[in-house]
Amino acid sequence: MNKLVIEGGVKLNGEVSISGFKNAALPIITASLLAADKSVIENIPLIKDVYILKNIIETLGGKVHLSDDGVMTIDATNVENKTAPYELAKQLRASYYLAGVALGRFKGGSIVYPGGCDIGARPIDLHIKGFEALGADVKIDHGIIKCNGEGLKGTNIYLDFASVGATINIMLAAVLAKGNTIIENAAKEPHIVDTANFLNSMGANIRGAGTDLIKISGVEKLHGCTYSIIPDMIEAGTYMVAAAATGGDVLVKDVIPKHLEAVIAKLREMGVEVREYDNSVRVRVTRNLKNVNIKTLTYPGLATDLQQPMAVLLSTIKGTSMVTETVFEARFKYVDELKRMGANIKVDGKTAVIKGIDKLSGAKISATDLRAGAAFVIAGLIAEGTTEIDNIQHIYRGYVSMETKMKNLGAKIVRI
Ligand code: UD1
């Protein structure tokens with residue numbers, strides 16, 4: 001199995017270009033199956049989750065070509081209403097979007113219960129509640145979710161929690177339903193807006209994406225289109241935190257700075273210098289950083305996906321910092337691995353209390369999930385000595401060529 005070996009102590013310096021957003025690419029690629037037509041999607045991140053989804057679409061009868069520069073051509077004309085293979089679908093949280101597509105295009109279908117990172121219970125009751133409100137009959141049987149959706153009709157749906165996955169899945173099912181659907185307390189993340197823009201380019205009629213009230217007027221039919229995915233705000237945030245943690249000076253390029261407001265605000269509160277340009281941000285450390293408290297929230301709050309990298313950054317800042325996780329129930333599993341590197345962190349329910357120490361020390365650790373894996377790379381960069389990270393397949397599910405991008409910033413990192 002592959003490992004990343006990191007020699008700590010180097011300040012990151014230089015420029016890094018950010019890839020297309022994983023959490024937008026996965027629903028958008030899946031949404032292209034709503035039309036029996038061809039779509040061209042640009043700025044696709046070349047990550048494992050995308051390759052798995054490509055395989056899934058091919059098993060359903062779609063023709064997919066992915067070029068080395070991230071242009072995916074999907075011909076969904078001959079896609080059949082089949083259940084995606086368990087071995088592929090279980091690896092991917094986003095495979096749940098196949099349910100929305102099956103309801104929209106085929107008026108029903110079956111998917112296997114989705115997989116993804118182990119960060120606590122990840123129910124999909126809100127997706128199902130939304131489908132049922134639209135008139136679908138949904139049953140879960142032996143790990144298969146069966147949706148029957150003849151005659152779906154627009155309706156008002158209130159989400160108890162502003163779930164990203166449920167908001168997108170309901171949009172996928174509602175765009176081809178009869179009449180008007182309103183999603184209240186919808187998630188507002190930039191990938192909701194990107195998916196809605198893609199669907200509108202296919203001929204859908206969605207208004208209000210990016211606010212907590214999304215209005216969808218059902219249309220008869222969708223068509224293929226050409227579209228470009230937005231930059232990955234989580235990848236950008238990860239490199240910004242890595243620059244700050246190593247005391248470096250990094251220009252993070254090809255981003256939408258507006259999507260990074262929460263992480264920029266927190267870094268500034270710590271004393272990091274952050275300059276915003278049109279399509280890039282520069283992160284530079286010129287003085288000692290100070291401890292802060294952070295709380296993860298839905299957008300525009302600080303993304304839960306940046307909680308683990310932030311915790312690593314705070315682990316060597318003098319003073320006590322509190323990290324409160326409000327989105328997922330068990331997103332502190334990585335803390336035990338960080339303790340092996342000397343971190344002083346105590347978890348009490350939804351809060352981690354971090355007492356900053358002078359230095360982490362290199363150790364052998366194991367990536368517990370995607371974002372924890374990225375956080376451990378940052379931990380290795382700031383630790384004294386050598387850090388060996390295994391289970392790195394998690395990292396490559398979501399980060400394009402992380403070791404190459406880090407190496408270009410001066411990191412001493414090799415994949416063996
Ligand atoms: C997506 C992202 C993930 C990110 C998360 C929050 C993808 C593939 N994954 O995950 O990277 O960390 O958004 O920004 O895009 N919930 C329910 N019932 C539901 C659905 C969700 O209770 O039916 C709860 C979850 O348990 C969790 C919270 O809502 O506590 C947030 O989940 P959600 O926003 O749906 O995240 P995911 O779609 O799983």
Checking Tyr97, Tyr334, Tyr51 against a Gaussian network model of the chain (alpha-carbon springs below 10 Å), the top fluctuating residue turns out to be Tyr51
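Counting only DSSP beta bridges with both residues in the chain, what percent are antiparallel, rounded to the nearest 5? Don't jump to the answer; show the numbers that get you there.
Working: 54 of 74 bridges.
Of those bridges, close to 75 percent are antiparallel.
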Taking Lys178 as the anchor, which aspartates and glutamates have their alpha carbon closer than 20 Å to its alpha carbon, excluding any fewer than eight residues away along the same chain? Glu132, Asp137, Glu150, Glu220
Please arrange Val414, Val10, Val252, Val272 by how many other C-beta atoms lie within 10 Å of their C-beta, fewest to most. Val414, Val10, Val272, Val252
Check cross-link reach from Lys333 to the lysines: straight Cα distance under 24 Å, and skip same-chain residues fewer than eight apart. Lys3, Lys22, Lys48, Lys90, Lys266, Lys295, Lys318, Lys346, Lys350, Lys355, Lys359, Lys364
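Listing Thr316, Thr404 from the residue with the fewest other Cβ atoms within 10 Å to the one with the most, what is the order? Spell out each step's value before the answer.
Working: Thr316 19, Thr404 11.
Going from sparsest to densest Cβ surroundings: Thr404, Thr316.
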Hey, what's the Cα Rg ratio for the stretch 257-400 versus the globular rule of thumb, 2.2 N^0.38 Å? 1.01
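Scan the chain and note any complete DSSP helix (H) whose C-alpha atoms cover at least 27 Å along its axis and whose Kyte-Doolittle average is -0.5 or more.
Working: long enough: none.
What comes out of the filter, once short or polar helices are dropped, is none.
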Give the share of C-alpha pairs in each 20 angstrom bin for the chain, from 0 to the last occupied bin, in whole percents, shortest bins first. 28, 55, 17, 0
So what is the relative contact order for the chain, in percent, with contacts set as C-alpha pairs under 8 Å and at least six apart? 21 percent
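Cα gyration tensor of the stretch 22-228, axes a ≥ b ≥ c as square roots of the eigenvalues: rounded (a/c below 1.5), prolate (a/b > b/c) or oblate? Please report the intermediate quantities before stating the final value.
On the way: a/c = 1.33, a/b = 1.17, b/c = 1.14.
Rounded.
Just want to confirm a number: the relative contact order over the stretch 1-58, from Cα pairs under 8 angstrom separated by 6+ residues, in percent.
Working: 20 pairs, mean separation 21.5, N = 58.
The normalised contact order for the stretch 1-58 reaches 37 percent.
Would you order Arg415, Arg268, Arg371 from fewest to most other beta-carbon atoms within 10 Å of each residue's own beta-carbon? Provide the component values of the computation, followed by the final result.
Values: Arg415 16, Arg268 12, Arg371 26.
Lowest to highest Cβ neighbour count: Arg268, Arg415, Arg371.
Go ahead and estimate [θ] at 222 nm for the chain from helices alone: -39,500 (n - 2.57) per DSSP H run with n ≥ 4, summed, over the residue count, rounded to 500.
Working: 14 runs with 131 residues, N = 416.
Using -39500 (n - 2.57) per qualifying helix, the result is -9000 deg cm²/dmol.
Of all DSSP beta bridges located in the stretch 22-228, what percent are antiparallel, nearest 5?
Working: 26 of 34 bridges.
Expressed as a percentage, antiparallel bridges in the stretch 22-228 total about 75.
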Expected max-MSF residue from Asn200, Asn391, Asn288 in the GNM of the chain (alpha carbon, under 10 Å) is Asn288
Using alpha-carbon positions, what is the distance between the centroids of the stretch 237-308 and the stretch 140-182, in Å? 35 Å
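Taken together, the values in this text are just the output of simple stated rules run on the coordinates, not laboratory data. Please read these numbers as outputs of a predicted model, since none were measured by experiment. Cβ: placed from backbone, ideal geometry, glycine included. Neighbour counts: every protein chain shown.
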